[in-house]
Structures are given as structure tokens and as C-alpha cells.
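Engineer: Quick one: the structure is below, and I'll ask about it shortly.
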Amino acid sequence: MILCTNCHRPYPETGIPYKCPACGGLFDYDSFPISLDASPSDRHISPLTLGEGNTPLVWSDFTPIPGQRSSVKIAFKCEYQNPTGSFKDRGSATLVEFLRSRGVTEAIEDSSGNAGASFAAYAARAGIKATVYVPESASGPKRRQIEAYGAEIIAVTGPRSNAADAVRRAADKGAVYASHAYLPFNLPGYATIASEIVEQLGGAPGSFICPAGQGGLLLGAARGFAALHAAGVIPHTPKLFGVQALACAPLWALAKYGPAGLGFAAEGPTLAEGVRVRLPLRGDAIVRAVEASGGAFAAVAEEDILPGRDALARQGFYVEATSAIVWNALAQLANQLVEPVVVVLTGSGLKSNQ
Ligand SMILES: [Zn+2]
């Protein structure tokens, strides 16, 4: 069930509060509702679907430091092939299905781009009128995609957090805030990636690597692997690795320096706009999951992002800069990786400005 992580009251039976009405705390699952059956006919745990998930797992060689270490076999999970071009669709399917189940007809969301486009698509599918607050810096193609789905766009000047502040003010006035960060309903959708990967590999990965902003995919995957382990489907869970842009790397700083690290975690400009989140709401849970797995965080310097994007493209993977930070992270993490290594390519390069 879903409880407030602070006062432990259950999620209300009616309405869509984005945080606990009693104490302002964050809601989360106390036990995790994952479907363990990854067979294609039962892959979607949500009846609302645009065909998300079931993305290809494509093998490739990676040589961390040319000439110094033999290449590592990497399996790329091509999440950019989801219906709107990003992994967010897994979470939007379950989140918007929940909205529909509560009779919601209008909802607002804030996003740097991919989450907004995904939310707009699933809202359109569900007949819900969507309004999406975006930072003015969000790329043109993503904004056009959001508008094409029929959602209204409200552009907010300044950094990503300004859009979040604006949407919270609207929520405080009564709008339904379908937040992919505050609400936990997208996490079971993200967890489906774990059972898919296990099915595609024929077992558990040794390492799981993905970009992390709010960290929803990383946390959802962690819970998915944990549920599969608890059910006896896999003998061990993978080491989890989260990748951030050094310009905005609070999870990396928290894991490396403890709470003091958050004091100097900046929200600097970065090409990896999709992971530009200064205060990830579930940061504590994500850092705990990563540390318990024996994994780690990596932070990628700005000058290393586009070379990673190009290196991936030379292998035929056309992803956006946010996704491409995993390439440099592979070199940083090379000595910690356990094979088989699964790397998530989260978003398409086709709607990128860079
Ligand atoms: Zn509470």
C-alpha cells in the first residue's frame, strides 16, 4: 500500500494530493506491486498503454581505456525506442492510469522535456487535459512534441527548479499536480524494466547503469530487481550505478561526502538537461539502494558529454546528451563493473537541440 514516508498515514481514498495533506511528507509504497510475469502478453501492468516497454537489448563492446584493459561486453537497453522517445513512458502509463481511475479530467505537470512529452501523450490517450510547465531553456523539439499531443505549455524563465515552484503554486490553488517526482505511481511502471532485462538476458545482470536526475528509473529498477530476487526468480540483484552531470550532481555528492555534499551541490547549466535536478525528492532512498547493491554514482564533466554522444552514435545508438553521460561513466566505473553489464539508453537524439 501507499503511505506517507513521514507520518505513515495511507494515501487518501479520494483526490490526488501530490504530498501528504497532514504533514507535507512524500508518499511511497511500503511493499512493491510488481508484476513478476514478463511474458509479452502480460508485460503491461497498466491497462492504459501506447505500447511502452519491450524495448530491445543490444550487445556491444566497450573498451574503457584503449590498450589498457580488454573490452567489456555491454548490453544497451534501448529505452529511447519507447512511444514518445524516452523511458518515461513506462512511468506515465501507470501514473496516468491512476489519474484516470480517480476520474481526473485535467492535470498539470512540470518537466524539462521528456517527462512532459510522455505525460502529454498518455494524458491525450486517457482523455485528460494536460498543462505542462517547462523551463524556457527546454529544447524546441520537445516543446513541439508536447504541444502536438494537445497539451498546453507554460514556459518558466530561470532554472528547472523555477518551473517546479510555479507548478506547486498552481497545485496549492487546487490544480491536480500529476508530479512524476512527488507521486510514487510511476515507480511500478519503471520497475517493469527489471523483469524485461532478466527475461532478455536469461538471468540477472551483474551491473545496471542509468542516468539519474530525480532517480525514478534507478529506484524503480532497484525495486523491480529486489522483488524478482525475493520471489526467487534471480539468485542475486545487480550492482546499481547512477550517472549524473558534474554540473548538477547531488546524488553523487551525497554518496561521496554525506549530507554535507548537498551544501555544495549546484544546479549548474549542463547539456544533460534531463538530469538537472538539484534536490531529488527520493535521494535518500536512491543512495541507500545504490550503496546496498555495492554500486556507486558517477559524475560526468561537461566536456565529456558530447564525445560520449558521438561515440554511441558511431555504434548506431542515436541518443540525447542526457542519455550519453553513461558512456564516460563506463570508463570511470570500469574497475567496479560486474558482467553482464546493462546500460540504459534513456532518450532519443531525434528531439535534441544539440
Ligand atoms: Zn504525512
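Engineer: Under a 5 Å amide H to amide H cut-off, with H placed in plane at 1.01 Å, what residues pair with Ala249 once short-range neighbours are removed?
Structural biologist: Ala266
Engineer: Give me the Kirkwood hydrodynamic radius of the chain, using the inverse of the mean 1/r over all pairs of distinct Cα atoms, in Å to one decimal. Walk me through the numbers before you get to the answer.
Structural biologist: On the way: mean 1/r = 0.0498 Å⁻¹.
Kirkwood hydrodynamic radius for the chain: 20.1 Å.
Engineer: I'd like the FRET efficiency for Thr157 and Ser71, computed as 1/(1 + (r/R0)^6) with the beta carbon distance as r and R0 of 35 Å, rounded to 0.05. Intermediate results must be reported in sequence, preceding the final value.
Structural biologist: On the way: r = 46 Å, r/R0 = 1.30.
Rounded to the nearest 0.05, the efficiency is 0.15.
Engineer: I've got another one for you. Can you give the angle from 0 to 90° between the axis of helix 88-101 and the longest principal axis of the chain, with both taken from C-alpha atoms, to the nearest 10?
Structural biologist: Here the helix axis deviates by roughly 20 degrees.
Engineer: Points 7 angstrom from Cα along the Cβ direction at Glu106 and Lys129: gap in nanometres?
Structural biologist: Inter-label distance under the simple model: 0.4 nm.
Engineer: Around Val72, which amide H atoms from residues at least 5 apart in sequence, or from another chain, sit under 5 Å from its own amide H, with H modelled in the peptide plane?
Structural biologist: The list, which skips near neighbours in sequence, is Phe62, Thr63.
Engineer: Which peptide among 94-101, 301-308 comes first, and what is the full order, when sorted by highest mean count of other Cβ atoms within 10 Å? Write out the running numbers ahead of the final one.
Structural biologist: Details: 94-101: 22.5, 301-308: 15.6.
So the peptides 94-101, 301-308, ranked by packing, come out 94-101, 301-308.
Engineer: How many nm separate the modelled label positions at Arg314 and Ala148, each set 7 Å beyond the Cα in the direction of the Cβ?
Structural biologist: Rounded to a tenth, the inter-label distance reads 3.1 nm.
Engineer: So if I take the centroid of the Cα atoms in region 225-258 and the same for region 1-34, what is the distance between those two points in Å?
Structural biologist: Here the answer is 23 Å between Cα centres.
Engineer: Next question. Order 220-229, 280-289 from most to least packed using the mean count of other Cβ atoms within 10 Å.
Structural biologist: 220-229, 280-289
Engineer: Can you give the extra length, in nm with one decimal, that the chain gains between Asn353 and Ala331 once fully stretched, where that is 0.36 nm per residue apart less the Cα-Cα distance? Walk me through the numbers before you get to the answer.
Structural biologist: Details: separation 22, 0.36 × 22 = 7.92 nm, distance 2.58 nm.
So the extension gain works out to 5.3 nm.
Engineer: Could you give me the ³J(HN,Hα) list for region 72-87, computed from phi with Karplus coefficients 6.51, -1.76, 1.60 and θ = phi - 60°, whole Hz, x at Gly and Pro?
Structural biologist: Computed from phi, the couplings for region 72-87 are 10, 7, 10, 9, 8, 8, 7, 5, 5, 8, 5, x, 9, x, 8, 4 Hz.
Engineer: Sticking with this one: Solvent-accessible area per residue for the chain at a 1.4 Å probe radius, Å²? It would help to have the intermediate numbers written out before the result.
Structural biologist: Details: 13660 Å² over 354 residues.
In whole numbers, the chain has 39 Å² accessible per residue.
Engineer: Give the angle, between 0 and 90 degrees and rounded to the nearest 10, that separates the Cα long axis of helix 283-292 from the longest principal axis of the Cα atoms of the chain.
Structural biologist: Between helix and principal axis, roughly 30 degrees.
Engineer: For Lys129, which lysines qualify as cross-link partners when the Cα separation must be under 25 Å and same-chain residues fewer than eight apart are set aside?
Structural biologist: Lys19, Lys88, Lys142, Lys173, Lys351
Engineer: Another question, if that's okay. If we sort 13-26, 250-263 on the protection proxy, mean other Cβ atoms within 10 Å, highest first, what's the order? Before the final figure, lay out each step's value.
Structural biologist: Details: 13-26: 14.3, 250-263: 16.7.
Going by the mean number of other Cβ atoms within 10 Å, highest first, we get 250-263, 13-26.
Engineer: Right, something else. Grab the Cα-Cα distance for Asp284 and Asp61, subtract it from 0.36 nm times how many residues apart they are, and report the gain in nm with one decimal.
Structural biologist: Values: separation 223, 0.36 × 223 = 80.28 nm, distance 3.34 nm.
Here the answer is 76.9 nm.
Engineer: Roughly to the nearest percent, how much of the accessible area of region 46-201 is carbon and sulfur, given a 1.4 Å probe?
Structural biologist: On the way: 2620 of 5620 Å².
About 47 percent, which is the carbon plus sulfur part of the accessible surface.
Engineer: Just to verify a number: FRET efficiency for Ala301 and Leu262, C-beta to C-beta distance, R0 = 25 Å, to 0.05? Could the numbers behind the result be given before it?
Structural biologist: Values: r = 20 Å, r/R0 = 0.80.
Calculated value: 0.80.
The values are calculated or read from the model by the stated rules, or taken from the named source; none is laboratory data. None of these values were measured; they are calculated from a predicted model. Neighbour counts run over all protein chains shown; Cβ positions are idealised from the backbone, glycine included. With ligands, DNA and RNA removed, areas are computed over all heavy atoms of the protein, side chains included. Shrake-Rupley method; radii C 1.70, N 1.55, O 1.52, S 1.80 Å.
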